[in-house]
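Participant: Please read through the structure below; I'll follow up with questions.
The values are calculated or read from the model by the stated rules, or taken from the named source; none is laboratory data. None of the values given here were measured: they were computed from a predicted structure. In this analysis, Cβ positions are derived from the backbone assuming ideal geometry, glycine residues included, and neighbour counts consider all displayed protein chains. Just the protein is used for accessible areas: all its heavy atoms, side chains included, with ligands, DNA and RNA removed. Shrake-Rupley method; radii C 1.70, N 1.55, O 1.52, S 1.80 Å.
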Amino acid sequence: MGVWSACTVLLIPLLCGLSHGSPDLGLDISIDFVTSNNPNIQSAAGMVSFTTSDLQGAIGGYQLAKLNGATNLIVSGEALISLVGNITVNVNDVLRNISFVSSNKQTAPSCMFGSMNATMDRAFASLDQASTLIKSIQTSTSSQNTGALTSWVMMIQTAMTDISTYLDQLYKGVAAVLASGQPLTQSTIQANINQAVLFNLAGAISVVTTAEKGLTTTVRAIRSSFEQSGNILNSYSNDLNNALNSVNNTQRDYYNQVVGRISSYQGKISWEFGWGVTDIKNTLSRVNSFVFDQDTSKAAQQLNISIGVTNTAIQSNSVIIQSSMQSQMTQIFTGAESFIQTNVKALVPVFDKSLFGLAATMSGGGAFASNCNFKYGGAITNLENNMRDGLQKCFNDYANTGYTDSFVSEYNMVIREQTRTIANRINFCLNLGSNTSPKVIKLGIAACLSETVALSDALMKDVSIQSKLVVAMINLESLATVQRVESCAAILNHGLVAKAAKLDQLLATCQTTNQ
């Protein structure tokens with residue numbers, strides 16, 4: 001390149017003095033291997049349009065897999081695109097210039113040759129970068145592929161060095177012809193321009209285009225393997241997102257179930273307790289008729305007070321149950337959701353590792369890559385679906401808030417019967433007579449009312465104890481529900497981790513044995 005640069009500086013003023021350019025490099029006589037013989041410089045350099053098109057087509061439209069964890073594939077893909085771009089732009093610019101100069105008939109070719117120096121420098125600079133790019137590509141493809149890339153690039157680099165050398169020699173020959181002052185005859189040209197220079201220049205150009213054809217084949221193979229890897233990662237990414245959305249939807253469905261169940265339980269308790277209060281309140285108007293009777297006044301007033309206390313106790317216990325139920329069942333959802341999300345976060349990296357191993361196998365383009373993908377690819381990419389299905393089963397089978405239905409319903413029945421017992425007892429007492437009945441009957445009614453007060457007090461104490469038992473049962477069932485979900489998810493987690501590890505082993509074995 002040193003001779004080439006110096007020669008260019010010296011020759012441009014001289015050669016630009018030519019008033020006519022032609023296919024014979026500014027000389028009036030035809031130079032073999034420039035325009036006439038085949039192969040020749042012009043036809044060899046003219047192949048650049050085909051090789052450029054093929055090489056650009058080998059990488060054109062390639063989409064890099066911009067997926068989480070696919071760092072090597074991204075770097076490799078970018079390096080492959082850069083390598084192809086450097087060849088098709090910088091290296092082939094030299095060949096385009098040679099082709100143009102060889103065929104131009106209007107401008108002195110020496111002036112056009114002068115602009116080629118910078119083009120040649122850019123070509124060699126890009127070729128110097130090739131080894132670094134190939135190292136980046138090697139992170140995601142086979143050593144066979146990167147070895148082929150290296151061989152083709154070295155062949156191009158050697159041929160470009162030869163092109164530079166022969167162009168320098170051709171310049172010297174042209175300068176010698178012009179400096180001789182002799183007529184531009186065939187013999188004059190042959191005496192100063194060695195035909196071997198022209199032949200070798202055409203050959204070196206042909207080597208570049210031939211190497212680019214081989215490079216195109218290798219790039220297509222690498223791109224194909226990268227695309228297979230990218231497709232696997234893309235499919236996995238979509239499947240994983242769908243699986244995570246499905247898990248989240250299941251959690252929302254479960255949340256709606258919890259909310260619905262809380263509302264249902266609260267409605268049942270409110271309904272049953274409300275009717276109990278109503279039954280007892282309905283007796284007040286009849287009790288009041290005995291309040292102003294001397295024989296029954298004291299017992300009736302005590303019963304009146306007792307009815308108020310009883311109704312307040314019933315409503316108070318209703319509020320306690322409903323509040324506790326909402327709190328505890330909300331904790332069921334919160335606890336189950338938290339564990340499930342923790343489980344998902346723990347599993348996703350495990351799946352990623354297996355999936356990226358499969359993607360690496362495909363991008364590596366090994367001899368058994370396709371068969372290994374056929375054997376184990378589906379199982380590996382389906383890991384996230386197994387997670388989704390398993391977690392949904394954990395929710396559906398072990399987080400069923402309906403487990404509390406039985407004892408809540410039975411509790412409601414007990415409360416209803418106890419309140420009905422109080423109301424029935426009051427009505428029984430009142431049905432013994434009236435405030436106009438004989439004294440002995442009214443005294444019996446008074447005694448009956450007093451006993452009802454004692455009965456009501458006893459039943460309300462029982463209701464208080466039962467309410468505490470129900471709260472405790474709800475608390476324990478909430479804890480048990482979360483523990484069931486956690487146990488189910490933990491078993492699922494261990495199973496999927498073991499399955500992923502086994503698939504990793506099988507895939508690794510398949511890469512070398514095809515088994």
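Participant: Would you mention how many residues in segment 469-510 are in contact with a Gly (Cβ under 6 Å, 6 or more places away or on another chain) and modelled with pLDDT under 85?
Facilitator: 1
Participant: If you check every pair at least six apart or on different chains, which have Cβ atoms under 8 Å apart with a residue in segment 143-166 that is more than 14 Å from residue 95 (Cβ to Cβ) and touching a residue at least 40 places away in the same chain (Cβ under 8 Å) first and a residue that is buried (at least 17 other Cβ atoms within 10 Å of the Cβ) and charged (D, E, K, R) second?
Facilitator: Cβ pairs passing all conditions: 152/212.
Participant: What's the number of the only condition in (1) touching a residue at least 40 places away in the same chain (Cβ under 8 Å); (2) open to solvent by 40 Å² or more (accessible area, probe 1.4 Å); (3) of a type in the set (A, V, I, L, M, F, W, C) that residue 489 fails to meet?
Facilitator: Residue 489 satisfies every listed condition except (2).
Participant: Out of the residues in segment 45-62 meeting the condition of being in contact with a helix residue (DSSP H, G or I) (Cβ under 7 Å, 6 or more places away or on another chain) and assigned to a loop (DSSP other than H, G, I, E, B), tell me which one is modelled with the highest pLDDT.
Facilitator: 47
Participant: Kindly state which helices (runs of 4 or more DSSP H) lie completely within segment 361-423 and contain at least 2 residues that are assigned by the TED database to the domain that holds residue 273 and under 15 Å from residue 506 (Cα atoms). Don't jump to the end; show me each part of the working.
Facilitator: Values: elements: 369-372, 378-381, 383-398.
In segment 361-423, the matching helices (runs of 4 or more DSSP H) lie at 369-372, 378-381.
Participant: Being over 51 Å from the mean Cα position of the chain (by Cα) and open to solvent by less than 10 Å² (accessible area, probe 1.4 Å) is the filter here, so list the residues in segment 189-220 that pass it.
Facilitator: Scanning segment 189-220 gives 189, 193, 198, 201, 202.
Participant: Is there a residue in segment 466-474 that is exposed (fewer than 14 other Cβ atoms within 10 Å of the Cβ), within 29 Å of residue 277 (Cα to Cα) and assigned by the TED database to the domain that holds residue 273?
Facilitator: Just the residues of segment 466-474 that are exposed (fewer than 14 other Cβ atoms within 10 Å of the Cβ), to begin with: 469, 472.
After this cut, where a residue has to be within 29 Å of residue 277 (Cα to Cα) as well, the list is 469, 472.
This time we only want the ones that are assigned by the TED database to the domain that holds residue 273, so: 469, 472.
Yes: segment 466-474 contains one or more residues that are exposed (fewer than 14 other Cβ atoms within 10 Å of the Cβ), within 29 Å of residue 277 (Cα to Cα) and assigned by the TED database to the domain that holds residue 273.
Participant: On to the next question. Any chance you could count how many residues in segment 401-411 are in contact (Cβ under 8 Å) with a residue 60 or more places away in the chain and either open to solvent by 50 Å² or more (accessible area, probe 1.4 Å) or touching a strand residue (DSSP E or B) at 6+ places or on another chain (Cβ under 7 Å) (or both)?
Facilitator: Selection size over segment 401-411: 1.
Participant: Hey, another quick one. Considering each of 244, 284, 303 in turn, give the residue that is of a type in the set (A, V, I, L, M) and free of Cβ contacts under 8 Å to residues at least 60 places away in the same chain. Talk me through it step by step, then tell me what you get.
Facilitator: On the way: 244 fails: free of Cβ contacts under 8 Å to residues at least 60 places away in the same chain; 303 fails: free of Cβ contacts under 8 Å to residues at least 60 places away in the same chain.
Criteria check complete, one pass: 284.
Participant: If you don't mind, another one. Look at residue 385 and say whether it is at pLDDT 85 or above and exposed (fewer than 15 other Cβ atoms within 10 Å of the Cβ). Don't jump to the end; show me each part of the working.
Facilitator: Numbers: at pLDDT 85 or above: yes; exposed (fewer than 15 other Cβ atoms within 10 Å of the Cβ): yes.
Here the answer is yes, as residue 385 does meet what is asked.
Participant: Look through 124, 100 and report the one residue that is of a type in the set (Phe, Trp, Tyr), open to solvent by 30 Å² or more (accessible area, probe 1.4 Å) and at pLDDT below 85. So that I can check it myself, show each step before the final result.
Facilitator: Values: 124 fails: at pLDDT below 85.
Every option except 100 fails the conditions.
Participant: Which ones in segment 180-230 are of a type outside the set (S, T, N, Q) and free of Cβ contacts under 8 Å to residues at least 24 places away in the same chain?
Facilitator: Looking only at segment 180-230, we keep the residues that are of a type outside the set (S, T, N, Q), and these are 181, 183-184, 189, 191, 193, 196-199, 201-205, 207-208, 211-215, 219-223, 226-227, 230.
Answer for segment 180-230, where residues must be of a type outside the set (S, T, N, Q) and free of Cβ contacts under 8 Å to residues at least 24 places away in the same chain: 181, 183, 191, 196.
Participant: Can you say whether residue 219 is over 30 Å from residue 370 (Cα atoms), assigned to a helix (DSSP H, G or I) and β-branched (Val, Ile, Thr), as far as the supplied structure shows? Spell out how you get there, then give the answer.
Facilitator: Numbers: over 30 Å from residue 370 (Cα atoms): no; assigned to a helix (DSSP H, G or I): yes; β-branched (Val, Ile, Thr): yes.
No: the conditions fail for residue 219.
Participant: So for segment 345-359 (the condition being assigned by the TED database to the domain that holds residue 403 and farther than 30 Å from residue 227 by Cβ), does at least one residue qualify?
Facilitator: Taking segment 345-359 as the starting set, the residues that turn out to be assigned by the TED database to the domain that holds residue 403 are 345-359.
After this cut, where a residue has to be farther than 30 Å from residue 227 by Cβ as well, the list is 345-346.
Yes - at least one qualifying residue is present in segment 345-359.
Participant: Sort through 316, 306, 285 and tell me the only one that's among the hydroxyl-bearing types (Ser, Thr, Tyr) and within 15 Å of residue 425 (Cβ to Cβ).
Facilitator: On the way: 316 fails: within 15 Å of residue 425 (Cβ to Cβ); 285 fails: within 15 Å of residue 425 (Cβ to Cβ).
Only one candidate passes the filter, namely 306.
Condition check ((1) open to solvent by 10 Å² or more (accessible area, probe 1.4 Å); (2) of a type in the set (Asp, Glu); (3) modelled with pLDDT of 85 or more; (4) under 16 Å from residue 288 (Cβ atoms)) across all residues:
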residue: 414; (1), (2), (3), (4): yes, no, no, no
residue: 418; (1), (2), (3), (4): yes, no, no, no
residue: 422; (1), (2), (3), (4): no, no, yes, no
residue: 429; (1), (2), (3), (4): no, no, yes, yes
residue: 432; (1), (2), (3), (4): yes, no, yes, no
residue: 435; (1), (2), (3), (4): yes, no, no, yes
residue: 439; (1), (2), (3), (4): yes, no, yes, no
residue: 444; (1), (2), (3), (4): yes, no, yes, no
residue: 447; (1), (2), (3), (4): yes, no, yes, no
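Participant: May I ask you to list the residues in segment 221-230 that are open to solvent by 30 Å² or more (accessible area, probe 1.4 Å) and under 9 Å from residue 359 (Cβ atoms)? Let's see the steps before the verdict.
Facilitator: From segment 221-230, those open to solvent by 30 Å² or more (accessible area, probe 1.4 Å) are 221, 223-224, 227-228; that's our starting set.
Selection gives 228 alone.
Participant: While we're on this one: Whether any residue in segment 34-44 is within 30 Å of residue 225 (Cα to Cα), at pLDDT 65 or above and surrounded by fewer than 17 Cβ atoms within 10 Å (Cβ to Cβ) is what I want to check. So that I can check it myself, show each step before the final result.
Facilitator: At the first step, the residues of segment 34-44 found to be within 30 Å of residue 225 (Cα to Cα) are none.
The answer is no; no qualifying residue exists.
Participant: Could you check segment 449-465 and list, in sequence order, the residues that are crowded, with 17+ Cβ neighbours inside 10 Å and over 29 Å from residue 408 (Cβ atoms)?
Facilitator: 449, 450, 453
Participant: Inspect segment 343-366 for any residue being over 27 Å from the mean Cα position of the chain (by Cα), in contact (Cβ under 8 Å) with a residue 24 or more places away in the chain and closer than 30 Å to residue 497 by Cα and give the result as yes or no. Before the answer, list the steps.
Facilitator: Keep residues of segment 343-366 that are over 27 Å from the mean Cα position of the chain (by Cα), which gives none.
Within segment 343-366 (the criterion being over 27 Å from the mean Cα position of the chain (by Cα), in contact (Cβ under 8 Å) with a residue 24 or more places away in the chain and closer than 30 Å to residue 497 by Cα), the answer is no, since none of the residues qualifies.
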